[in-house]
Amino acid sequence: MAKIHEECGLFGIFSPDIGEVAEDAYYALFALQHRGQESCGIVVNRAGVMHGHRDLGLVNEVFGHQTLSALGQGHIAVGHVRYSTEAGGNRRNAQPLTINHVKGSLALAHNGSLTNTASLRRELELAGSIFHTTSDAEVIAYHIIKQRLNSDSIEQAIIRAMAALRGAYTLVLMSPRKLIGVRDPLGFRPLCLGQRDGAFVLASESCALDAVGADFLRDVEPGEVVVIDDNGPRSFKENCHNGLKSLCVFEYIYFARPDSVVDGSSVHKARQRAGALLAKNHPVEADVVIGVPDSGIDAAVGYARQSGIPYGIGLIKNKYIGRTFIQQTQQQREDSVRIKLNALRSTVYGKRVVLIDDSIVRGTTSARLVKLLREAGVSELHMRICSPPFLYPCYFGTDVDSQEKLIACRHSVAEIAQIIGVDTLAYLKIEDLPQLPEFYQAGLCNACFSGQYPVDVSEAGGKNWLEEPIK
């Protein structure tokens with residue numbers, strides 16, 4: 001694991017008229033490709049019948065012109081891009097899932113990870129359910145369908161099913177006549193609502209709204225169910241918990257695109273704020289500040305402005321290679337890193353350099369970046385990280401699943417600096433995290449740094465990590 005892994009990106013569109021909703025989903029998934037690069041899929045609702053295609057690969061690999069045309073026109077579409085965590089790289093786990101049941105049909109796309117998947121799945125299996133995937137999405141879909149048998153509407157079934165779900169889940173669903181967005185009661189993952197003419201759009205990030213020409217209306221609230229049909233959007237807030245929130249702070253640090261607005265706050269500005277905080281708390285004498293593309297760039301600009309040290313472009317990214325963690329083996333990841341970035345010698349040669357990056361997981365990627373810059377002739381290298389050290393597993397949809405993978409669990413900051421080869425190393429303070437979003441409303445999930453989980457994670461293999469010191 002070279003970098004922290006994210007899981008998925010969601011999109012849905014409801015149009016009152018039959019049109020090219022598959023193309024809208026296609027363009028939106030391009031905008032969300034950074035959230036998942038292993039598999040993708042689109043399902044189109046045409047006259048109440050669902051037509052879909054999903055497969056392993058990037059959006060442009062899975063959806064050629066012929067495949068996209070075969071989906072045809074419709075008035076509702078749901079799209080999904082995925083990076084697997086627990087479920088692994090298997091075509092069966094690609095989404096959206098499409099399920100036919102006694103009261104109709106359902107397409108579902110999911111982002112996040114449940115902490116009580118095992119017990120929910122066991123309950124369904126004992127009742128006769130047969131699973132075709134190993135993903136949480138199928139467990140969620142079956143629980144919704146179970147409630148639908150005794151509910152007057154699909155939204156009522158979803159609201160009832162939410163009572164059994166624990167952990168992180170953002171959903172975009174489609175029934176024969178409705179598009180539905182769901183956000184878990186703590187809002188671990190983002191979801192927003194937009195509008196284009198008479199059509200309404202749901203997406204994981206606002207950059208996907210921009211990609212299809214939709215105007216941002218608002219974020220979906222934690223616990224809210226938004227139902228869109230011929231009468232427009234309706235909101236159901238039975239599962240909203242009085243403003244409590246645990247949005248993953250890494251949305252601002254790394255996951256989201258810088259041109260997105262997440263829960264009212266600009267990601268671009270949040271990253272610049274992180275860089276400025278690093279400059280205030282961890283100053284150093286240097287000649288140039290550079291950032292690791294892409295998420296380190298904005299933070300590097302913030303560091304430079306705050307410190308007065310000039311900003312420079314010190315690393316060039318090969319735009320035709322995806323994020324390092326899309327490779328499934330460690331050797332593949334190492335090979336891709338070697339061709340992903342190159343040092344710009346004219347910027348760094350003979351200079352004292354401040355290098356800004358979003359995080360350190362294993363330390364292997366950082367060590368290779370440092371080697372690149374050393375070979376390019378830097379005289380001093382000072383690394384600043386826009387997040388605190390990773391010390392605890394995450395159970396909410398990112399792949400920080402073992403302390404064995406985390407270099408900060410085994411080494412001090414000084415030791416890490418020596419291992420990766422920098423002159424100095426410093427991290428963002430955990431108490432500074434609430435200052436990143438422009439409009440901070442308590443709270444942010446920082447469990448991977450603090451060990452303080454906002455929900456019970458014992459069933460997912462977790463424990464009270466604060467009772468045991470990190471060794």
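Every number in this text was worked out from the coordinates using simple rules, so none of it is lab data. Predicted model, so just to flag it, every value in this text is computed and none were measured. In this analysis, Cβ positions are derived from the backbone assuming ideal geometry, glycine residues included, and neighbour counts consider all displayed protein chains.
Sequence-distant contacts, meaning Cα pairs under 8 Å at least 6 residues apart, place the relative contact order of the stretch 108-173 at 55 percent. Stretching residue 424 away from residue 150 to a fully extended chain increases their span by 92.5 nm, per 0.36 nm per residue minus the current alpha-carbon distance. Label point of residue 456 set 7 angstrom out along Cα-Cβ; within the stretch 89-114, amide nitrogens under 18 Å from it belong to 114. Taking the charge dipole of the chain about its Cα centre, with +1 at Lys and Arg Cβ atoms and -1 at Asp and Glu Cβ atoms, the residue from 301, 434, 457 reaching farthest to the positive side is 301.
Descending by average beta-carbon neighbour count within 10 Å, the peptides 20-28, 283-291, 421-429 line up as 20-28, 283-291, 421-429, the highest first.
Using the Cβ-Cβ distance between residue 402 and residue 374 with R0 set to 22 Å, the FRET efficiency works out to roughly 0.15. Relative contact order for the chain: 14 percent, from Cα pairs under 8 Å spaced at least 6 residues apart, divided by residue count. For the stretch 261-438, the relative contact order works out to 24 percent when only alpha carbon pairs closer than 8 Å and six or more residues apart are counted. Residue ranges 385-398, 153-166, 122-135 sort as 385-398, 153-166, 122-135 when ordered by packing (mean number of other C-beta atoms within 10 Å per residue, highest first).
With a ≥ b ≥ c taken as the square roots of the eigenvalues of the C-alpha gyration tensor of the stretch 261-438, please select rounded if a/c is under 1.5 and otherwise prolate if a/b is larger than b/c or oblate if it is not? Verdict is rounded for the stretch 261-438.
The packing ranking of peptides 264-273, 235-244, 341-350, highest mean first, is 264-273, 341-350, 235-244, where packing means the average number of other beta carbon atoms within 10 angstrom of each residue. Global size of the stretch 8-245: 16.1, 48 Å for Rg and Dmax (C-alpha atoms, Rg to one decimal, Dmax whole).
Rounded to the nearest 500, the 222 nm mean residue ellipticity of the chain from helices alone is -7500 deg cm²/dmol, with -39,500 (n - 2.57) taken per DSSP H run of at least 4 residues.
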